[in-house]
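What follows is a set of notes on a single structure, which appears directly below.
The values are calculated or read from the model by the stated rules, or taken from the named source; none is laboratory data. Every value quoted in this text rests on a predicted model; they were computed, and no experiment measured them. Neighbour counts run over all protein chains shown; Cβ positions are idealised from the backbone, glycine included. Keep in mind that these areas ignore ligands, DNA and RNA; they rest on the heavy atoms of the full protein, side chains included. Shrake-Rupley method; radii C 1.70, N 1.55, O 1.52, S 1.80 Å.
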Amino acid sequence: MADDRQSRISRRRYLSLVGSAAAAASVAGCAGGDEIQTPSGDGNGGGNGSGNGGEFAVTITQGQLDSGLDPHDHRETTTDIVLMQAYEGTLDRDAEGKVVPSLAEEYEQVDDTTLRLFVRDGVKFHSGDELTPEDVAFSINRIVNNDVGGLASPQKDQLAGVTEATVVDGERAVDVVSDGVNPVLVSLLASYGDVMQKSWVEGRQKNQINSEVNGTGPFKLERYTEDEEVVYTKFEEYWRDPAAVDRVTLNAAAESSTRVNQLVSGETDIVVNVPPQEVGRINNQGNARVEAVPSTRIIYNAMRYDVEPFSSREFRRAMNYAIDLETIVKEVLSDFADATSQPTLEGFVGYNPDTDIYPYDPDEAERLVEESGHAGASIELHTPVGRYLKDLEIAQAVVGYINELPNVDATVNQRDFGTLAGELTTGSIEDKPHFYLIGWGNETFDASQTLIPLLTSEGVLTSWSNEEFDDLVAQSNAETDENAREQLLRQANQVAHDEAPWIFLNRQYSVYGASGRIEWTPRRDESIKAYSISPK
Amino acid sequence: MSLGRFILKRALQGVFVIWGVVTVVFLLRFVTPGDPITFIAPLDASPALRQRIAAELGLNKPLYVQYFDYLAELVRGDMGYSYISGTEASARIFARLPATVELAVVATLVAVALSIPLGVVSATRRHEPADYAATTFSLAGISTPNFWLGIMLVLVLSVQFDLFPTSRRALGFVDALGYLAQGNPNGLIVWAKYITLPAITLGTYFTALITRLTRSGMLDELGKSYVRATRAKGLPESLVRYKHALRNTLIPVITVLGLQLGSLIGGAVITEAVFAWPGLGTLVINSINARDWPLIQGCLIVIGTSFVVVNIAVDALYAYVNPRVVYD
């Protein structure tokens, strides 16, 4: 009977419980909660605000967070953005992509295969120890040599050609040695090769290196909650002027609408990958703005040269004439893109300013298809979905234009990115779809890092083979004179334009939302450096 | 059979269920398109780099070797390491689990607190306005996709009226209790602010379902002869309804409750995505997208275990609610 009593539920008791629940929800919705240190520092339930005591705190929200905090053990931009607040390389880039000194205050080409980096004096790690040339050499070797630093770095290919780095006797300098002429080495070091403290790395297990931070950058780690947030505070002993931002929090929301909601509600300061349809909502809110900048990523449709109908130069050119690229950029991408005419993007070393974008000329396209002997061809465009800005919509527009030709039939095949990427990366051209949409980011601002992997006969991701093109790229790779090298790369780009191994599509823009309380300009290389943020 | 023996027996059965889950999930990785190396290595990685990564992860070993290696690790409590981050899968999963359990439990509690009274009122005032209101609510709740509801709640209550944060989880319930123990109740308030909208979003369908179940169960029970007998004996109507009719109605409700709680732990994916809630659901989806099999397997084992545990608890609860139920 005692059980019966306990299980008895009176109507009054019910109403009391329901009333309590409603009251709790109501209080929760209205009350503020002071004096609570939450992981996001937003215990008051919204608004990153200025934090405690006039502190200037900033939050950056990406689509996803890091895959660990080891700067040499990843290849994702999202992880890069988390780590670039704390780690630096020997060289760096300004907002426009120009190479600038960083931990190396100068560099010189000692001979064809050796680049000497002069290491800056007076730089401290967050641990308080001074930066030494040994740290610089160790960091480069940790990337290129599997036996150094307990890591087989996935970034080895990013420092292509580098065999080792050695400390120069009697000088505060490091020699970076390549296996041959390496004309892009400076460019590579400006984008890759974060410097870590040798003794710090050697004294730690892999999981510690992945959850702690000890760089020389403007922010030091305050708190790391894997998958939730990374919180940095200003490093007062930074070798340049201390940052204007006192605390920076990086977190993630996979859904773009969630990120935009956070921005317009004042819960974050910068959000990435704002879809075009959300631009109006941000701009109309009054407390935030949209910032867009051309990125280093090109979107294109590759056509395999070894299969019909794409083996025909005329057919490939016809596909370029068939699409109205300007309309795609305007209507599909809401002008958050630039039309391209060649594999290399404007502003990169080797970009050819004399090539024109293929005009929209369906008559010429139809004529070229007839001339190619492939009239009546059926083609299928493989595209990932959701990997790039409006990728499926771009593919559908391309196919729509091609279908307007009376002598070609085209369809879209929507693909899981992982499966498509698997086919593209086997190293064998036979495994690739005949016709596919893909994007390529090149943070080095040098044409070679696009042309070599994507278009030379031996390129890892190539869909094309052309002797003249291969020769030009090979010559440029062996050329030490910068001007002569640039001319060779320009010629290669002209050949690519004329031979049309791709349908040249668009340069993707990085579209951000930024809160109205911060001063910040986005960069072309997709970096987000809190050091460049200041209060408005 | 005693309760202890019953739980032990079900737990042993549960071990086999989990083993089945482990085996099926392990085999699925070999028929699912998309090689994990594709996601780990950069697009332009050389074949040598790909082979090296495969060797490091043990993916170049024969299938049966990988399977038995994995089982041996599981027995030692080791779920392996994430392919992507290199961190311990179990650490990642158990760091996420409290957020998901918290959300599922709060959503369930809110649902129970609302739905049972609604169902009772609806049944006892059949064909009256209260009944129509309750049935309309339950129909709307069942018909409303929770991703839409979540987005609308955020747009209206967070963006427009600034009553709740739009997303994320500021602190856990245990942390909030820690603050309370120090005499600071604000932790609980902050916790409640963050969990309210996700819990409503997740719990609405459940509320509607239980309301309908309670209503139909109550109507069924109230029409039975034992209820007429209790009324004829002169028992107060409240006792008739709540002690007798409702108690019998709760048996199927508890069954659904258990199943739903289990599914909420594994199935809060959409709600977690809309609210950037750092739970198990989003971890599963991210892991599937990245073909991070140690994490996928670990998550599914934890979710499967949750189902087993909740169902054992539900079975045990039957006897408490209905003494006629015997364990066998």
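Check which residues have an amide H placed less than 5 Å from A:Glu88's amide H, if you skip close sequence neighbours.
Those lying under 5 Å, H to H, from A:Glu88 are A:Val195, A:Thr216, A:Gly217.
Suppose accessible area is computed on protein heavy atoms with a 1.4 Å probe; arrange B:His127, A:His74 from highest to lowest. Mind showing how you got there, number by number?
Numbers: B:His127 120, A:His74 10 Å².
From most accessible down to least: B:His127, A:His74.
Taking the Cα atoms only, what angle lies between the long axis of helix B:280-289 and the longest principal axis of chain B, rounded to 10 degrees?
Between helix and principal axis, roughly 40 degrees.
Spelling out what I want: for every residue of segment A:144-159, take phi, set θ = phi - 60°, compute 6.51 cos²θ - 1.76 cosθ + 1.60 (Karplus), and round to whole Hz; glycine and proline get x.
8, 10, 5, 8, 10, x, x, 8, 9, 6, x, 8, 3, 5, 6, 10
P(r) tail for segment A:308-429, what percent of Cα pairs lie past 20 Å? Please report the intermediate quantities before stating the final value.
Values: 3837 of 7381 pairs.
Everything past 20 Å amounts to 52 percent.
Show me the ranking of peptides A:333-341, B:51-59 by mean Cβ neighbours inside 10 Å, starting with the highest. Walk me through the numbers on the way to the answer.
Working: A:333-341: 20.0, B:51-59: 15.7.
So the peptides A:333-341, B:51-59, ranked by packing, come out A:333-341, B:51-59.
Of the options B:Asn322, B:Val269, B:Asn289, report the single residue whose Cα projects farthest towards the positive end of the charge dipole of chain B (beta-carbon charges: Lys, Arg +1; Asp, Glu -1).
With unit charges placed on the Cβ atoms, the residue in question is B:Asn322.
For A:Glu331 and A:Asn403, calculate 0.36 nm times their separation in residues minus their Cα-Cα distance, and state this gained length in nm to one decimal.
On the way: separation 72, 0.36 × 72 = 25.92 nm, distance 1.84 nm.
Additional length available on full extension: 24.1 nm.
Scaled to the compact-protein estimate 2.2 N^0.38 Å, what is the alpha-carbon radius of gyration of segment B:38-135, rounded to two decimal places?
Values: Rg = 25.4 Å, N = 98, 2.2 N^0.38 = 12.6 Å.
My calculation over the Cα atoms of segment B:38-135 gives 2.02.
Residues with amide H under 5 Å of A:Val349's amide H, sequence separation 5 or more or different chain, H placed in the peptide plane at 1.01 Å from N; which?
A:Asp446, A:Ala447
With unit charges on the beta carbons (Lys and Arg positive, Asp and Glu negative) and the dipole taken about the Cα centre of the protein assembly as shown, which residue among B:Phe6, A:Ala447, A:Gly193 sits farthest to the positive side?
It is B:Phe6, whose Cα lies furthest towards the positive end.
Over chain A, average the accessible area per residue using a 1.4 Å probe and give it in Å², no decimals. Each step should come with its number before you reach the end.
Working: 20850 Å² over 536 residues.
Solvent-accessible surface per residue comes out at 39 Å².
Considering all alpha-carbon pairs of segment B:203-328, what whole percent are spaced by more than 20 angstrom?
Working: 4642 of 7875 pairs.
The calculated P(r) of segment B:203-328 puts 59 percent of pairs beyond 20 Å.
Please work out how much length the chain gains when fully extended from A:Lys206 to A:Glu308, using 0.36 nm per residue of separation minus the C-alpha to C-alpha distance, in nm with one decimal. If you can, show how the numbers build up before the last one.
Working: separation 102, 0.36 × 102 = 36.72 nm, distance 4.97 nm.
Extra length available between A:Lys206 and A:Glu308 comes to 31.8 nm.
Using a simple charge model, +1 on the beta-carbon of Lys and Arg, -1 on the beta-carbon of Asp and Glu, nothing else, what dipole does the protein assembly as shown show about its Cα centre, in debye to the nearest 20?
On the way: 70 positive and 110 negative charges, 1540 e Å.
Around 7400 debye, computed over the protein assembly as shown.
Among B:Leu12, B:Leu202, B:Leu188, which one shows the biggest mean-square fluctuation in a GNM of chain B, springs joining Cα atoms closer than 10 Å?
B:Leu12
What is the ratio of the Cα radius of gyration of segment B:98-321 to 2.2 N^0.38 Å, where N is its residue count, to two decimals? Intermediate results must be reported in sequence, preceding the final value.
Numbers: Rg = 19.9 Å, N = 224, 2.2 N^0.38 = 17.2 Å.
That works out to 1.15 for segment B:98-321.
Taking the convex hull of the Cα atoms, report for segment A:88-204 its projected area averaged over all directions, in nm².
Working: hull surface 29.3 nm².
For segment A:88-204, averaging the hull's shadow over all directions gives 7.3 nm².
How large is ³J(HN,Hα) for each residue in segment A:128-139, as worked out from phi by the Karplus curve 6.51 cos²θ - 1.76 cosθ + 1.60 (θ = phi - 60°), to whole Hz, x for Gly and Pro?
x, 7, 6, 6, 10, x, 4, 5, 5, 4, 4, 5
Express as a percent, rounded to the nearest 5, the fraction of DSSP beta bridges in the protein assembly as shown (both residues included) that run antiparallel.
On the way: 59 of 77 bridges.
Of all bridge pairs located within the protein assembly as shown, approximately 75 percent are antiparallel.
How many nm separate the modelled label positions at A:Glu236 and A:Gln396, each set 7 Å beyond the Cα in the direction of the Cβ?
5.7 nm
Got a sec? What order do A:Glu393, A:Glu423, B:Glu102 fall in by accessible area at 1.4 Å, biggest, i.e. largest, first? Please list the in-between numbers first.
On the way: A:Glu393 75, A:Glu423 55, B:Glu102 25 Å².
The residues order as A:Glu393, A:Glu423, B:Glu102, largest area first.
Along segment A:459-464, what does the Karplus equation 6.51 cos²θ - 1.76 cosθ + 1.60 (θ = phi - 60°) give for ³J(HN,Hα), rounded to whole Hz, x for Gly and Pro?
Values, residue by residue: x, 4, 10, 6, 10, 8 Hz.
D for the protein assembly as shown, whole µm²/s, Stokes-Einstein with Kirkwood Rh over alpha-carbon pairs at 37 °C and 0.692 mPa s: what number? Before the final figure, lay out the partial values.
Values: Rh = 30.3 Å.
So the translational diffusion coefficient is about 108 µm²/s.
Give the A-B buried accessible area in Å², both sides summed, 1.4 Å probe, nearest 100. Display every interim value, and only then the final one.
Working: alone 23420 and 17360 Å², together 35600 Å².
Protein heavy atoms only, the A-B interface buries about 5200 Å².
Between B:Val17 and A:Glu222, what is the spin-label point distance in nm, taking each point 7 Å from the Cα along the Cα→C-beta axis?
Using points 7 Å along Cα→Cβ, the separation is 4.5 nm.
Need one value: the accessible area of B:Val174 in square angstrom, 1.4 angstrom probe, rounded to the nearest 10.
110 Å²
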